[in-house]
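The values are calculated or read from the model by the stated rules, or taken from the named source; none is laboratory data. Computed from a predicted model, the values in this text were never measured in an experiment. Virtual Cβ from ideal backbone geometry, glycine too; neighbours counted across all protein chains shown.
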Amino acid sequence: MNKYYKKPRSHNYLSVLSTSFKILLSPVVFVAACTASQVWAGEKDKDDENGHNRHSKHQIRAIKPSDYAPVDAKKAVLGQAFFFDKELSGNRNISCSTCHSPLSATSDGLSINLGEGAHGFSVGRNPGTYPPLATDPLERGQRNAPSLFDRGAKEFGSMMHDGRIELDNSPDGFLTPAGDELPPGFNNLLEVISIFAFTEIQEMLGQPNENEISAAAAAQGSLFTPVWTKLVERIKAQPNYHPMILAAYPELKGDINGFNIVHVGRAIAHFQNSSFRTSLNTPFDRYLNGDEGAISKEAARGFKLFTGKAQCASCHNGPFLTDQKFHAIGVPQIGPGFGGVGFDGREDFGREGVTKDINDRYKFRTPPLRNVALTGPWGHDGAFNMLEDIVRHHLDAKKSLNNYDISQCVLPSRLDLDELDFIATNNPNTRYEIEQRIEIPKIRLQENEFKDLMAFMFALTDPEHLDLRHTVPKSVPSGLSLAD
């Protein structure tokens, strides 16, 4: 029997619950790259000034409370309501939690999300009939819905797979698709990103003129200010929200009229930061602090491989195991694509779409790896449904790209959507272009070494995140159903 737990090809995010804590030690989304340089032998430095062991060159250390933005409990309670309330979507039929459910490790278990108009939960989500009805979704999402673990950490300088929401040197400190329409007053990226799903037609807004919010967007020619304005009006019209808002924001001095979209984003961020941060006593953190028995011997050997021979820590470094940069690692392109670029408009150029620099083509953000075993499918487009497969991809990306098995995708079927899913995947020129930009070297591991590396992947799981049911409210202020 393998030393690590091998996840099945469906419901993999839940199956981890049945494994032992010794094996359950994992990260959060293995989709970044390692470079041929920067190999480290795995030795430990002396404790830093706070008593935390640092793993020298790669700055891998135990997590500290100061790594996160502070949390206000009343704002977190309000944010929980916003996160689960469908009142915040254009057609009142979807919430943030639909695609980022605590019951599926803060994601949705799908390769690519099915947003507005679909029905059901996670891998059981239904895209409707063919031909589609007027209320059925017109399209899939464009990328994999990332997990929300640790997104309240201060070190995050960008969000999204392509980093299109990021810190910059502008007066408000943020670069976003909203440009000058982003209102002032946000404190960090998590607060900013928390208001953007409302503006996405496929995710939460709905089609033009389907509801008063999308109609305002169409009339004013913007997906931002009119959407946020109408959304705030909706929330204000719900009297059950008033005492929660005024308790969370005493600076409003009892006047609900001062409430705005910044308050919405801030509250949702406080909820995520309080509910989905790594606990400070995980087995891996205890190991980093000197408790060598906190993880299995296999996982300890895997950590040495991770920081040495396998070269993973070249990109997956720091306390959250991400260099916060962008890399091209040759993940196969599945789904409808992003931005209408490339072959038949079905490719995804990744970071290039933000920087407009062709050298950034097919580069995607290095994800953090805490809880990675819980957050499949993996890849910017969820191309890999088993953690083992995405790890093997990193070891020989060219071979993996050119021998990709499309059966592992988790894409609920509807004929017209299915026809778009593998246009880029099946195009040899697209595969060639992706292959030419792969940055990571081929790494040869013995099978016993690979098993040790996988044991380390599972050793990054926070046991407190195996059951997040306590983060789900019994009801929401609007009175709408929580069920999808």
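How many residues does the range 71-88 hold that are closer than 11 Å to Ala269 by Cβ, outside any helix (DSSP H, G or I) and within 22 Å of the chain's Cα centre (by Cα)?
Residues flagged as closer than 11 Å to Ala269 by Cβ, outside any helix (DSSP H, G or I) and within 22 Å of the chain's Cα centre (by Cα) within the range 71-88 amount to 1.
Residues of the range 394-445 being under 25 Å from Leu110 (Cα atoms), among the hydroxyl-bearing types (Ser, Thr, Tyr) and without any contact (Cβ under 8 Å) to a residue 40 or more places away in the chain, which ones?
Ser407 - this is the single residue of the range 394-445 that is under 25 Å from Leu110 (Cα atoms), among the hydroxyl-bearing types (Ser, Thr, Tyr) and without any contact (Cβ under 8 Å) to a residue 40 or more places away in the chain.
Of all residues in the range 279-313, how many are modelled with pLDDT of 95 or more, surrounded by 24 or more Cβ atoms within 10 Å (Cβ to Cβ) and polar (S, T, N, Q)?
So the answer is 2.
Looking at Gln436, Gln408, Gln446, which is the one that is closer than 30 Å to Arg286 by Cβ and polar (S, T, N, Q)?
Of the residues listed, the single one that is closer than 30 Å to Arg286 by Cβ and polar (S, T, N, Q) is Gln446.
Every residue in the range 307-351 that is in contact with a strand residue (DSSP E or B) (Cβ under 8 Å, 6 or more places away or on another chain) and without any contact (Cβ under 8 Å) to a residue 40 or more places away in the chain, please.
The answer is Val341, Phe349.
Can you tell me which residues in the range 362-380 are part of a loop (DSSP other than H, G, I, E, B) and of a type outside the set (A, V, I, L, M)?
Tyr362, Thr366, Pro367, Pro368, Arg370, Thr375, Gly376, Pro377, Gly379, His380
Can you pull out every residue in the range 459-480 that is of a type in the set (S, T, N, Q), assigned to a loop (DSSP other than H, G, I, E, B) and touching a residue at least 40 places away in the same chain (Cβ under 8 Å)?
Listed by number, the residues that qualify are Thr461, Ser478.
Within the range 228-239, track down each residue that is free of Cβ contacts under 8 Å to residues at least 40 places away in the same chain and not polar (S, T, N, Q).
Lys230, Val232, Glu233, Lys236, Ala237, Pro239
Going by what's in this entry, would Phe450 be described as within 17 Å of Gly376 (Cα to Cα), assigned by TED's automatic domain parsing to the domain that holds Lys304 and aromatic (Phe, Trp, Tyr)?
no
When you look at Ala300, is it small (Gly, Ala, Ser), over 25 Å from the mean Cα position of the chain (by Cα) and assigned to a helix (DSSP H, G or I), yes or no?
yes
For residues that are in a loop (DSSP other than H, G, I, E, B), at positive phi and under 18 Å from the mean Cα position of the chain (by Cα), scanning just the range 319-361, find the one that is surrounded by the fewest Cβ atoms within 10 Å (Cβ to Cβ).
Ranking the qualifying residues of the range 319-361, first place goes to Gln324.
Would you confirm, using the coordinates I've provided, whether Val410 is within 22 Å of Gly345 (Cα to Cα), in a loop (DSSP other than H, G, I, E, B) and either at pLDDT 95 or above or of a type in the set (D, E, K, R) (or both)?
Judged against the criteria, Val410 is a match.
Hey, among the residues in the range 390-411 that are surrounded by fewer than 20 Cβ atoms within 10 Å (Cβ to Cβ) and either out of contact with any Ser or Thr (no Cβ under 7 Å at 6 or more places or on another chain) or among the acidic types (Asp, Glu) (or both), which one's nearest to Ala313 (Cα to Cα)?
Among those residues, the one meeting the criterion is Asp396.
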